[in-house]
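Some notes on the structure that comes next.
The values are calculated or read from the model by the stated rules, or taken from the named source; none is laboratory data. This structure is a prediction, so every number in the text was calculated from the model and none was measured. Cβ placement follows ideal geometry from the backbone for every residue including glycine, while neighbour counts extend to all protein chains displayed. For accessibility, only protein heavy atoms count, side chains too; no ligands or nucleic acids. Shrake-Rupley method; radii C 1.70, N 1.55, O 1.52, S 1.80 Å.
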Amino acid sequence: MAEFFETTVFFGVLISLASYGLGMMLKKKLRLAIFNPLLVAIVLVVVFLLVFDMDYETYQGSAKYLSYFLTPATVCLAIPLYEQFERLRKNAAAVIVGITTGVITSLSSVLLLSCIFGLSHADYVTLLPKSITTAIGMGVSDELGGYVAITVAVIITTGILGNMIAELVCKIFRITHPIAKGIGIGSASHAIGTTKAMELGETEGAMSSLSIVVSGFLTVILAGIFANFM
């Protein structure tokens, strides 16, 4: 059976899409945050590879075509931002301050926890770009001497957790303003979190989309500075 899948060019794409589709069905039916579609898809794909004793490189070779849609999907995030441009202009100062605060908080928390748990410098810089998109985070980690593979895993985990608990956190801390919600979600959990922000509303989605871009830019600058603190 493994040989059959290995000779099928797009088997990785089919497995990934089928796993994600099942995750969507579970989320709609059970309505539990733990059944995040992306998390379910990851678990199902891992189980599939283990059951059929298939190495990751073989799977990745046939699933890489999905990555081609990453750039256009990211660009599409500009649409809700454009639709909310007037609201953004009126609240520009608060938006910039909010995103900057979010980035500094993220970097500071990594510094504090790295000191508490006695992580090495390489471990520390590996975690610094945890709250920005994978493409930018990989570059930051590599430039600072971190472990890029671990950085990717941490970024994905951060996004999934942000997607899962974003709404709950907003309820606990009584965050009701749509701009505040969007900025908080986007600056903390990048594109995966932004999908949750879009579910909450157009303004939340637009602000979260903006946060992805600005947070990535600020992290590139500030991560180099924070890297010298440990």
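Some values worked out for this structure:
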{"quantity": "Region 133-143, residues that are more than 14 Å from the chain's Cα centre (by Cα) and open to solvent by 20 Å² or more (accessible area, probe 1.4 Å)", "calculated": "139, 142, 143"}
{"quantity": "Qualifying residue in region 6-26 (condition: surrounded by fewer than 10 Cβ atoms within 10 Å (Cβ to Cβ), in a helix (DSSP H, G or I) and either at pLDDT below 90 or among the charged types (D, E, K, R) (or both))", "calculated": "no"}
{"quantity": "Any hit, region 169-187, residues being closer than 18 Å to residue 70 by Cβ and not basic (Lys, Arg)", "calculated": "yes"}
{"quantity": "Some residue of region 66-87 being basic (Lys, Arg), open to solvent by 50 Å² or more (accessible area, probe 1.4 Å) and closer than 21 Å to residue 184 by Cα", "calculated": "yes"}
{"quantity": "Flag if residue 146 is over 15 Å from the mean Cα position of the chain (by Cα) and either touching a residue at least 60 places away in the same chain (Cβ under 8 Å) or not in a helix (DSSP H, G or I) (or both)", "calculated": "yes"}
{"quantity": "Any chance residue 58 is out of contact with any Ser or Thr (no Cβ under 6 Å at 6 or more places or on another chain) and modelled with pLDDT under 80", "calculated": "no"}
{"quantity": "In region 48-64, residue farthest from residue 195 (Cα to Cα) [restricted to those that are open to solvent by less than 70 Å² (accessible area, probe 1.4 Å) and assigned to a helix (DSSP H, G or I)]", "calculated": "58"}
{"quantity": "Failed item, numbered, when residue 130 is tested on (1) outside any helix (DSSP H, G or I); (2) within 20 Å of residue 230 (Cβ to Cβ); (3) open to solvent by 60 Å² or more (accessible area, probe 1.4 Å)", "calculated": "(3)"}
{"quantity": "Condition broken by residue 45, with the remaining ones in (1) modelled with pLDDT of 80 or more; (2) open to solvent by 40 Å² or more (accessible area, probe 1.4 Å); (3) among the β-branched types (Val, Ile, Thr); (4) over 30 Å from residue 183 (Cα atoms) satisfied", "calculated": "(2)"}
{"quantity": "Meets criteria (under 25 Å from residue 181 (Cβ atoms), open to solvent by 80 Å² or more (accessible area, probe 1.4 Å) and of a type in the set (A, V, I, L, M, F, W, C)) for residue 97", "calculated": "yes"}
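Conditions (1) open to solvent by 50 Å² or more (accessible area, probe 1.4 Å); (2) assigned to a helix (DSSP H, G or I); (3) under 25 Å from residue 32 (Cα atoms), marked per residue:
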| residue | (1), (2), (3) |
| --- | --- |
| 119 | yes, no, no |
| 126 | no, yes, no |
| 152 | no, yes, no |
| 187 | no, yes, yes |
| 199 | yes, yes, yes |
| 211 | no, yes, no |
| 214 | no, yes, no |
| 224 | no, yes, no |
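This table checks each residue for (1) at pLDDT below 95; (2) out of contact with any helix residue (DSSP H, G or I) (no Cβ under 7 Å at 6 or more places or on another chain); (3) among the charged types (D, E, K, R); (4) within 29 Å of residue 82 (Cβ to Cβ).
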| residue | (1), (2), (3), (4) |
| --- | --- |
| 93 | yes, yes, no, yes |
| 96 | yes, yes, no, yes |
| 109 | no, yes, no, no |
| 112 | no, yes, no, no |
| 126 | no, no, no, no |
| 132 | yes, no, no, yes |
| 137 | yes, no, no, yes |
